[in-house]
Amino acid sequence: MGSLNNPVNAAALIAAHAAVTATHGSTALAGVKSGGYTGNDAVNWAIPHGLGVVPSLVIIQELSNACGIAHIVATAFIYYVAGAGAVGSVLAVTTPDATNFYVGNATAQSYSGNSSARSYRWAAVG
């Protein structure tokens, strides 16, 4: 997966969102928002997403080493799904809310989206 600020990737996310809406008949989705941050090793660090609703999915990509993708699926866990290391890890964090999603598990910062000084991009679907 390339950078989420790439227009092609943003278009793919929007198309996927439209397909889900068409398939499931939902019009209650708040849309897709994206952004970036630099990790700081904090536990349960709040990242504002701007959706105004609890996101149903957040995708986080570490850019510093061009690897590492984690998903948060409207629960209090980060699922580390790609990259080097602990692929398949399920790491507890604070449950996302209508304002923030949270990164940084106390025992595995590098696999939970908040390693110090590393750059991250994210996309949230509401």
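The values are calculated or read from the model by the stated rules, or taken from the named source; none is laboratory data. Owing to the predicted nature of the structure, the values given are computational and were not obtained by experimental measurement. Positions of Cβ are backbone-derived with ideal geometry, glycine not excepted, and every protein chain shown enters the neighbour counts.
Some points to look at:
- Every condition in (1) at pLDDT 85 or above; (2) within 15 Å of S34 (Cβ to Cβ) is met by T95 except one, and the failing one is (2).
To keep it simple, each residue is scored yes or no on (1) part of a strand (DSSP E or B); (2) over 21 Å from A30 (Cβ atoms); (3) modelled with pLDDT under 75.
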residue	(1), (2), (3)
T75	no, no, yes
G85	no, yes, yes
S115	no, yes, no
Y120	yes, yes, no
